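Reading through the structure tokens given below for one structure.
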Amino acid sequence: MTNEVQSQKPKKYDLEERTARFGEKIIDFAKNLPKNAINLPLINQLIRSATSIGANYMEADGAESKKDFEHKIAICKKEAKETKHWLRMILRANPNKLEECQKFWQEAQEFTLIFSSIIKKKKEF
């Protein structure tokens, strides 16, 4: 990433930046989990779903139609919900990670509510 891009201040509420940072934080969190037979598949799934939220939001932002936009936002919501599931499984396998998992779960829940609201508002128009 260039210094120019990094130095730009995010907008007051920038969902693109927020979803990207969430994915980055999940990656950093996953790097610190023990690598064992139980954790490895859980980590893989968690990273896939958590980083997919931002990727699909980027795709929605560039959607070519209202239908395509709604579809991509629905995927964002689905991935946020799936992320909550994988966080629950990670917590079961790593009870010492309660505080971090709760924080990430809450963020994923907020994304679920945000994307639900976007879907609802788009359908009203």
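Readers should treat all values here as calculations from the given coordinates under stated rules, not as data from a laboratory. Since we're looking at a predicted model, the values are computed, not measured. As a convention, Cβ positions derive from the backbone with ideal geometry for all residues, glycine included, and neighbour counts pool all protein chains shown.
Against the chain, whose longest principal axis comes from its Cα atoms, helix 66-93 is set at around 10 degrees. With all projection directions averaged, the alpha carbon convex hull of segment 20-125 covers 6.3 nm². A simple charge model with +1 on the Cβ of Lys and Arg, -1 on the Cβ of Asp and Glu and nothing else charged puts the dipole of the chain at about 440 debye relative to its Cα centre. On a C-alpha basis, how far is the centre of segment 29-45 from the centre of segment 61-98 in Å? Whole number, if you could? Their Cα centres are 18 Å away from one another. Counting only aspartates and glutamates at least 8 places from LYS81 when in the same chain, those with an alpha carbon closer than 13 Å to its own are GLU107, GLU110. The relative contact order of segment 15-124, computed from alpha carbon pairs under 8 Å that lie at least 6 residues apart in sequence, is 26 percent. Taking the chain as the reference, fit the longest principal axis to its C-alpha atoms, fit the long axis of helix 98-124 to the helix C-alpha atoms, and give the angle between the two in degrees, 0 to 90, nearest 10. Once rounded, one gets 20 degrees.
Pairs with C-alpha atoms separated by more than 26 Å, drawn from the list LYS77/LYS97; LYS77/LYS121; LYS31/LYS121; LYS31/LYS66; LYS97/LYS120, are LYS31/LYS121; LYS31/LYS66; LYS97/LYS120.
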